[in-house]
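Here is the structure we will look at.
The values are calculated or read from the model by the stated rules, or taken from the named source; none is laboratory data. A quick note: this is a predicted structure, and the numbers were derived from the prediction, not measured. When we count neighbours, we look across all protein chains shown, and the Cβ atoms used for this are built from the backbone with ideal geometry, even at glycine. We work out accessible area using only protein heavy atoms, side chains counted, and drop any ligands, DNA or RNA first. Shrake-Rupley method; radii C 1.70, N 1.55, O 1.52, S 1.80 Å.
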Amino acid sequence: MDIVYDFHIHSCLSPCGDDSFTPELIVECALAKELNAIALTDHNTCRNCPAFLAAAEKAGLLALPGMELQTAEEIHVVCLFSTLADAERFEHFVELGMLPLENAPDIFGNQIIHHPDGSQSSESRMLLTSSSIPLHGLYDLVGRYGGIAIPAHIDREAFSIGGVLGGMEEYSEKNRDFPTVEVYSDYSAAKNRRWIQNSDAHGIDRFFESEYHTFPAQELSVAEIFRYLSGQEN
């Protein structure tokens, strides 16, 4: 079978996300697009994942909690987890090393949290900033929290290995600690690594404009997704 996926989606909690792109709407859009596996990856936080996972479970859609971490070098890395508890433990670790900056909604945008009970609140701390976590060693670090780390949009100029370090080859051949990378459009940037492609949607328009992407699997499960992303073969 094929897993039809999108593992890089931002909700209204990301300051650059559309306020109307709620966790519940993301699930509805994924069903309309006929995806069978998705992940929520807001900037440096997992706080919309409880509502997202609850909506996905109700809809019968396989969903993973995650975040798009911004490393100390200003490189974005998609971090996916198999359970909400693992994601929240990693989020707590990330928070401990972030500067206590307040968000400025009029400049950076709102940061809206949707709770499983239907209520809403706002995240006051600034999410669109760097953590204190370096890129080197990140794959193993996320792995210790039960997750997998995937360098994001490595072929884009901003917030990427390509933009900051010049490309995967500049990251050194000895650092093979990212078996899978995400490309935006230039597949050659993966440099013989397994690559995936996601929408990186911050709103409904980009979500539906993005093409369909698939990979083969024995079954539709979190274990199969992690098997593939860790570089294992069928």
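Every residue in the stretch 3-16 that is at pLDDT below 95 and either over 12 Å from Ile112 (Cβ atoms) or open to solvent by 10 Å² or more (accessible area, probe 1.4 Å) (or both), please. Break it down into steps so the answer makes sense when it comes.
Let us first name the residues in the stretch 3-16 that are at pLDDT below 95, namely 15-16.
Answer for the stretch 3-16, where residues must be at pLDDT below 95 and either over 12 Å from Ile112 (Cβ atoms) or open to solvent by 10 Å² or more (accessible area, probe 1.4 Å) (or both): just Cys16.
Looking at the stretch 51-70, is at least one residue out of contact with any Cys (no Cβ under 8 Å at 6 or more places or on another chain), assigned to a strand (DSSP E or B), aliphatic (A, V, I, L, M) and within 15 Å of Ser130 (Cβ to Cβ)? Outline the logic, then answer.
Pass one, the stretch 51-70, residues out of contact with any Cys (no Cβ under 8 Å at 6 or more places or on another chain): 51-64, 70.
Checking the rest, the ones that are also assigned to a strand (DSSP E or B) come to 62-64, 70.
With the extra rule that they be aliphatic (A, V, I, L, M), the set shrinks to 62-64.
After this cut, where a residue has to be within 15 Å of Ser130 (Cβ to Cβ) as well, the list is none.
Scanning the stretch 51-70 turns up no residue that is out of contact with any Cys (no Cβ under 8 Å at 6 or more places or on another chain), assigned to a strand (DSSP E or B), aliphatic (A, V, I, L, M) and within 15 Å of Ser130 (Cβ to Cβ).
Taking the stretch 192-234, which residues are small (Gly, Ala, Ser) and either surrounded by 14 or more Cβ atoms within 10 Å (Cβ to Cβ) or part of a helix (DSSP H, G or I) (or both)?
First, the residues of the stretch 192-234 that are small (Gly, Ala, Ser): 199, 201, 203, 210, 217, 221, 223, 230-231.
The answer is Ser199, Ala201, Gly203, Ser210, Ala217, Ser221, Ala223.
When you check Arg144 against the structure, is it closer than 27 Å to Ile225 by Cβ, basic (Lys, Arg) and open to solvent by 20 Å² or more (accessible area, probe 1.4 Å), yes or no? Give the steps one after another, and end with the answer.
Working: closer than 27 Å to Ile225 by Cβ: yes; basic (Lys, Arg): yes; open to solvent by 20 Å² or more (accessible area, probe 1.4 Å): yes.
So Arg144 passes the test.
Being surrounded by fewer than 21 Cβ atoms within 10 Å (Cβ to Cβ) and not hydrophobic (A, V, I, L, M, F, W, C) is the filter here; which residues of the stretch 48-74 pass it?
Pro50, Glu57, Lys58, Gly60, Glu73, Glu74
Could you list all residues from the stretch 110-129 that are in contact with an Asp or Glu (Cβ under 8 Å, 6 or more places away or on another chain), over 24 Å from Glu57 (Cβ atoms) and surrounded by 15 or more Cβ atoms within 10 Å (Cβ to Cβ)? Spell out how you get there, then give the answer.
Going through the stretch 110-129, the residues in contact with an Asp or Glu (Cβ under 8 Å, 6 or more places away or on another chain) turn out to be 110-114, 124-127.
Narrowing the set further to residues that are over 24 Å from Glu57 (Cβ atoms) leaves 110-111, 124-127.
Across the stretch 110-129, the qualifying residues are Asn110, Gln111, Arg125, Met126, Leu127.
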